[in-house]
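Enquirer: One structure is given below, represented as structure tokens, and several questions about it will come after.
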Amino acid sequence: MAAGRVPNTEAMGLEETGIALDRDGFIIVDEYMQTTNPDVYAAGDVTTLPKLVYVAAAGGGIAAENALNGNTKKLDLAVLPEVIFTDPQVARVGLSEAQAVAEGYQVKIANLPLAYVPRALAARDTRGLIKLVADKSSDRLLGAHVLAAEGGEIIQTAALAVKFGLTHGFTVTELRQTLFPYLVQTEGLKLAAQTFDKDVGLLSCCAG
């Protein structure tokens, strides 16, 4: 993955069938997984979509269903969690601070070092941080970025918060009020949400 992907699309005659490729040879598909030839669908790393196994799996199912039944399903990548399994893990979902500003949001930022997360203290591994990006006006969570030993586990909960913020108006305040089990790494999301308007260093265990 670090070296990238090279699609095996040369000398297949795809262009002659009306299937467009990008400059690197990846097959261009739309949200229905349909190529520029309406009779042909494509999925996986050969397409221009993110090169992630869960994107390929979801896209493959949608491509098969749409090819058989017409374009009834779309691949929604609006909330796409990503993880790099380094040590510690790097994970992200939603918008970065720069992306949010570029899209016109008035953003507010929370940064929580893992030294404030009880689970990290108990595991004696406080390397990393949790950063949250939110919209000032609506209080919706726009993005989350995690550097932590269990960053991949944390980011899935953040992905739900971002998704339900987009679809149901779930806010940072509601995230802060959500009960998290004590001594799990994902509690760091609640603590990070508290840092928007509190000094978590002054709070006692599990304080809201």
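Bear in mind these aren't lab numbers, they're just calculated from the coordinates by the rules spelled out. Everything numeric in this text was worked out from a predicted model, so none of it was measured. Backbone-built Cβ (ideal geometry, glycine too); neighbour counts: all protein chains shown.
Enquirer: What list of ³J(HN,Hα) couplings, whole Hz, do you get for segment 50-65 from phi and the Karplus terms 6.51, -1.76, 1.60, once you set θ to phi - 60° and write x for glycine and proline?
Expert: Once rounded to whole Hz, the list reads x, 8, 10, 4, 6, 6, 4, 5, 5, x, x, x, 5, 4, 5, 5.
Enquirer: Hey, which aspartates and glutamates would be in cross-link range of residue 136, C-alpha to C-alpha under 13 Å, not counting anything within fewer than 8 residues on its own chain?
Expert: 97, 197
Enquirer: So between residue 98 and residue 48, what do we pick up on full extension, going 0.36 nm a residue minus the alpha carbon distance?
Expert: Once the chain is fully extended between residue 98 and residue 48, it gains 15.6 nm.
Enquirer: Related question: Residue 166 label point, 7 Å along Cα→Cβ, cut-off 12 Å on backbone N: hits in segment 60-95?
Expert: From segment 60-95, the list is 75-81, 93-95.
Enquirer: Here is a follow-up. What FRET efficiency, computed as 1/(1 + (r/R0)^6) with R0 = 25 Å and r the Cβ-Cβ distance, is obtained for residue 5 and residue 71, rounded to the nearest 0.05?
Expert: Efficiency computed from Cβ-Cβ geometry: 0.45.
Enquirer: So what's the back-of-envelope 222 nm ellipticity for the chain, counting only DSSP H runs of four-plus at -39500 (n - 2.57) apiece and dividing by all residues, rounded to 500?
Expert: Mean residue ellipticity at 222 nm (helix-derived): -8500 deg cm²/dmol.
Enquirer: Beyond 30 Å between alpha-carbons counts as too far, so tell me which of 73/163; 73/108; 51/131; 51/198 fall in that bin.
Expert: 73/108; 51/198
Enquirer: Which of 13, 152, 94 moves most in a GNM of the chain, Cα contacts under 10 Å?
Expert: In the Gaussian network model the winner is 13.
Enquirer: Follow-up. Using 0.36 nm per residue, how much length does the chain from residue 24 to residue 86 gain when fully extended, once their Cα-Cα distance is taken away?
Expert: Contour length minus the Cα-Cα distance gives 19.6 nm.
Enquirer: Next question, about the same structure. Which log10 I(q)/I(0) values, to two decimals, does the chain give at q = 0.13 Å⁻¹ under the Debye formula with one point per Cα?
Expert: The Debye formula, applied to the Cα set alone, gives -0.80.
Enquirer: Turning to a different aspect of this structure: Using the reciprocal of the averaged 1/r over all distinct C-alpha pairs, how large is the Kirkwood radius of segment 1-68 in Å?
Expert: This gives a value of 12.2 Å.
Enquirer: In a Gaussian network model over the chain where Cα atoms closer than 10 Å are linked, find which of 38, 88, 118 has the largest mean-square fluctuation.
Expert: Of 38, 88, 118, the most mobile in the Gaussian network model is 38.
Enquirer: Quote the FRET efficiency, to the nearest 0.05, computed for residue 39 versus residue 124 with a Förster distance R0 of 45 Å and r equal to the Cβ-Cβ distance.
Expert: Efficiency computed from Cβ-Cβ geometry: 0.20.
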